[in-house]
Amino acid sequence: MNVTSSSSVNFSALGQRAQLPTIARLMSMALESPDVLSLAAGFTDNRTLPVAFVEETVRELSHRVGEPEFLQYGSNQGRAGLRRVVAERLQKEEPAFTHTGELAEKIIVTNGSQQALYLAMQVLCDPGDIVLVDQPSYFVFLEMLVGLGIQTRAIPVTADGKIDSRELGRLLDRLRASGEASRVRAIYFVSYFSNPSGRSLSDVEKNAVAEQLTARSMFIPVLEDAAYRELYFERPEASVSVLGLPAWSPFPRFYLSTLTKPFATGLKIGYGLCTDSEWLAKMAYAKGHHDFGSAHFNQAILETVLRNGAFDRHLAELRPMYAEKCAVLHAGLAVSGLHAAGWRWEIPAGGLYLWLQAPQNLDTGLESDFCRACIAEGVIYVPGELCFGADAPRNFARLSFGVLPPGKLTQAASRFGTVARKFS
Ligand SMILES: Cc1ncc(COP(=O)(O)O)c(C=O)c1O
């Protein structure tokens, strides 16, 4: 779908900024070459989707005595039973999170966690405002910020990718000196098995960020995106979220996650827990303008599988499959000579991605010869440049092992390696 310059429609500033998402561009580039193998999309593997669990649940729901309320509109904030069961899970995950009042009341159910991100930005930021983001960061979120006219500043990191708190302090001081600090409206990070880096933030790193902000009395809203928290391979990541870390307690916090990635992406249900009741209310009002409630039937399915244990049984089956696929992609890349060609990456302990660093002078960008050569060879990836704001380094690539089965992952790795060797 493309907008031509000959359109007779006058678009708003928001409409003018709405651009074709890069992931859609990548997919259409791939469709032009039908044999292309995609390491680009962060989808889950069709073979792992829980058809049997969903069939059982739909049967169970339809045999329920009484009215089929689950096929009726639900509430704007989200199905009460689903919010309760999510609250119970969060309480187990974050025992240190002390809160007042009913936890389920602090939760908003959204159309995927993507909508939670949009709602937060819609009610916090005006065009020209600034959001501090991790680096690398979730590129669809970065594109959303561009679409809303919001600027980003990257949270500085050390050479090994950890948050550099001293540099963060300097960045905040520069923002204060230039008078821009008052435009900094929020801070965002993906903290567990991140998209794209696969890294998790430690308590020390999260605390250091809170301390730098606190030292400057910048108690801005924080968005912690925990989309991949449950997709660990062997054991959960030990770090505590901003909900449970005392250093973050003076901050308005929005902890968001998804029920779709770990179960069935097609159900597209996410949620956010907000510690600030007015912020939550504003997001709920805005959601009323979007859709006045996410698909109620999908919420009923998720409530049922969370309650009866099918969600956790499915996750238990899923984890070793993704661990294996990660190992297969890693091995395929190693065998195809990528290390010798100067590429580096770490093996993550969860999530769906390998984050590759190419030699310094190799451009992997969307318009690069390397990217074109990959498509010609029959493999696509997400260019790392998309995962940074301004001054993006051009020598990174995000490879997802989510979609392809192991055999195809090996083939895709071999194609990627062939191109990497040619460019070394
Ligand atoms: C870091 C991150 N956050 C949020 C989302 C949105 O997920 P969904 O809207 O399907 O819940 C994604 C999807 O890829 C993601 O990677």
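Check off (1) over 30 Å from Ala390 (Cα atoms); (2) within 16 Å of the ligand (Cβ to nearest atom) for Arg59 and give me the number that stays unchecked.
Condition not satisfied by Arg59: (2).
Can you work out which of the residues in the stretch 136-156 that are within 14 Å of the ligand (Cβ to nearest atom) and buried (at least 19 other Cβ atoms within 10 Å of the Cβ) is farthest from Val382 (Cα to Cα)?
First, pick out the residues of the stretch 136-156 that are within 14 Å of the ligand (Cβ to nearest atom): 136-145.
If we keep only those that are buried (at least 19 other Cβ atoms within 10 Å of the Cβ) as well, we get 136-139, 141-142, 145.
Numbers: Pro136: 12, Ser137: 13, Tyr138: 11, Phe139: 9, Phe141: 14, Leu142: 14, Leu145: 18 Å.
Ranking the qualifying residues of the stretch 136-156, first place goes to Leu145.
For a quick check of your reading: which helices (runs of 4 or more DSSP H) sit entirely within the stretch 4-87 and have at least 2 residues that are under 30 Å from Ala397 (Cβ atoms)? Reasoning before the result, please.
Numbers: elements: 13-17, 22-32, 51-62.
Where helices (runs of 4 or more DSSP H) fall fully within the stretch 4-87 and carry at least 2 residues being under 30 Å from Ala397 (Cβ atoms), they are 22-32.
Select, from Arg79, Arg64, Arg84, the only residue that is among the basic types (Lys, Arg), under 21 Å from Ser277 (Cα atoms) and out of contact with any His (no Cβ under 8 Å at 6 or more places or on another chain). Quick ask: steps written out before the conclusion?
On the way: Arg79 fails: out of contact with any His (no Cβ under 8 Å at 6 or more places or on another chain); Arg64 fails: under 21 Å from Ser277 (Cα atoms).
Among Arg79, Arg64, Arg84, only Arg84 is among the basic types (Lys, Arg), under 21 Å from Ser277 (Cα atoms) and out of contact with any His (no Cβ under 8 Å at 6 or more places or on another chain).
Suppose we filter the stretch 380-404 for residues that are at pLDDT 95 or above, farther than 17 Å from Pro359 by Cα and touching a Lys or Arg at 6+ places or on another chain (Cβ under 8 Å); how many remain?
2
Could you check the stretch 119-135 and list, in sequence order, the residues that are within 13 Å of the ligand (Cβ to nearest atom) and either more than 25 Å from Arg25 (Cβ to Cβ) or without any contact (Cβ under 8 Å) to a residue 60 or more places away in the chain (or both)?
Selection gives Leu119, Ala120.
Look at Gly351 and say whether it is under 20 Å from Ala41 (Cβ atoms) and touching an Asp or Glu at 6+ places or on another chain (Cβ under 6 Å).
Working: under 20 Å from Ala41 (Cβ atoms): yes; touching an Asp or Glu at 6+ places or on another chain (Cβ under 6 Å): no.
Considered against the rule, which asks whether it is under 20 Å from Ala41 (Cβ atoms) and touching an Asp or Glu at 6+ places or on another chain (Cβ under 6 Å), Gly351 comes out as no.
Just to be sure I understand, how many residues within the stretch 21-47 are at pLDDT 85 or above and either among the hydroxyl-bearing types (Ser, Thr, Tyr) or within 19 Å of the chain's Cα centre (by Cα) (or both)?
Qualifying residue count for the region: 3.
Against the condition over 30 Å from Leu172 (Cβ atoms) and assigned to a loop (DSSP other than H, G, I, E, B), how does Gly293 come out, does it pass?
Values: over 30 Å from Leu172 (Cβ atoms): yes; assigned to a loop (DSSP other than H, G, I, E, B): yes.
Yes; evaluated as a whole, the condition is true for this residue.
Go through (1) in contact (Cβ under 8 Å) with a residue 40 or more places away in the chain; (2) in a loop (DSSP other than H, G, I, E, B); (3) surrounded by fewer than 22 Cβ atoms within 10 Å (Cβ to Cβ) and name the single condition Arg421 misses.
Result: Arg421 fails condition (2) only.
Considering only the stretch 240-258, how many residues are free of Cβ contacts under 8 Å to residues at least 60 places away in the same chain and touching a Phe, Trp or Tyr at 6+ places or on another chain (Cβ under 7 Å)?
So the answer is 4.
Give the residue that is nearest to Arg47 (Cα to Cα), with candidates limited to residues of the stretch 240-261 that are within 16 Å of the chain's Cα centre (by Cα) and more than 10 Å from the ligand (Cβ to nearest atom). Full working, then the answer.
So in the stretch 240-261, the residues within 16 Å of the chain's Cα centre (by Cα) come out as 241, 254-261.
Still in the list and also more than 10 Å from the ligand (Cβ to nearest atom): 241, 254-255.
Details: Ser241: 31, Phe254: 33, Tyr255: 30 Å.
The residue in question is Tyr255.
Filter the stretch 275-291 down to the residues that are within 16 Å of the ligand (Cβ to nearest atom) and either free of Cβ contacts under 8 Å to residues at least 60 places away in the same chain or over 12 Å from Asn111 (Cα atoms) (or both) and list them by number.
Of the stretch 275-291, the ones within 16 Å of the ligand (Cβ to nearest atom) are 283, 287, 290-291.
Hit for the stretch 275-291 is Met283, nothing else.
Hey, among Gly378, Gly407, Gly337, which residue is free of Cβ contacts under 8 Å to residues at least 24 places away in the same chain and farther than 21 Å from Ser197 by Cβ?
Numbers: Gly378 fails: free of Cβ contacts under 8 Å to residues at least 24 places away in the same chain; Gly337 fails: free of Cβ contacts under 8 Å to residues at least 24 places away in the same chain.
Going through Gly378, Gly407, Gly337 in turn, just one is free of Cβ contacts under 8 Å to residues at least 24 places away in the same chain and farther than 21 Å from Ser197 by Cβ: Gly407.
Tell me the residue from Arg372, Arg319 that is out of contact with any Gly (no Cβ under 9 Å at 6 or more places or on another chain), surrounded by fewer than 23 Cβ atoms within 10 Å (Cβ to Cβ) and in a helix (DSSP H, G or I), please. Let's see the steps before the verdict.
Values: Arg319 fails: out of contact with any Gly (no Cβ under 9 Å at 6 or more places or on another chain).
Going through Arg372, Arg319 in turn, the sole match is Arg372.
Across the stretch 85-127, what is the number of residues that are of a type in the set (Gly, Ala, Ser), within 18 Å of Glu230 (Cβ to Cβ) and over 18 Å from the mean Cα position of the chain (by Cα)?
Our first condition is that a residue be of a type in the set (Gly, Ala, Ser); within the stretch 85-127, this holds for 87, 96, 101, 104, 112-113, 116, 120.
Filter once more, so that each one left must be within 18 Å of Glu230 (Cβ to Cβ): 87, 112-113, 116.
Of the ones still in play, those that are also over 18 Å from the mean Cα position of the chain (by Cα) are 87.
Of the residues in the stretch 85-127, 1 are of a type in the set (Gly, Ala, Ser), within 18 Å of Glu230 (Cβ to Cβ) and over 18 Å from the mean Cα position of the chain (by Cα).
Could you list, in sequence order, all residues of the stretch 165-218 that are small (Gly, Ala, Ser) and either modelled with pLDDT under 95 or touching a helix residue (DSSP H, G or I) at 6+ places or on another chain (Cβ under 6 Å) (or both)?
Pass one, the stretch 165-218, residues small (Gly, Ala, Ser): 165, 169, 177-179, 181-182, 186, 191, 194, 197-198, 200, 202, 208, 210, 215, 217.
Hits for the stretch 165-218 are Ser165, Gly169, Ala181, Ala186, Ala208, Ala210.
Looking only at residues that are surrounded by fewer than 24 Cβ atoms within 10 Å (Cβ to Cβ) and of a type in the set (D, E, K, R) in the stretch 262-294, which one is modelled with the lowest pLDDT?
Out of the qualifying residues, it is Lys268.
Which residue pairs have Cβ atoms closer than 9 Å, lie 6 or more positions apart in sequence or on different chains, and pair a first residue in the stretch 95-116 that is within 16 Å of the ligand (Cβ to nearest atom) with a second residue that is among the acidic types (Asp, Glu)?
Once the first residue is within 16 Å of the ligand (Cβ to nearest atom) and sits in the stretch 95-116, its partners that are among the acidic types (Asp, Glu) give Asn111/Asp291; Ser113/Asp225; Gln115/Asp291; Ala116/Asp225.
I want to confirm something. Restricting to the stretch 190-239 and keeping residues that are aromatic (Phe, Trp, Tyr) and either without any contact (Cβ under 8 Å) to a residue 40 or more places away in the chain or surrounded by 23 or more Cβ atoms within 10 Å (Cβ to Cβ) (or both), which single residue is farthest from the ligand (Cβ to nearest atom)?
The selected residue is Phe219.
The values are calculated or read from the model by the stated rules, or taken from the named source; none is laboratory data. What you see is a predicted model; the values in this text were computed from it and never measured. As a convention, Cβ positions derive from the backbone with ideal geometry for all residues, glycine included, and neighbour counts pool all protein chains shown.
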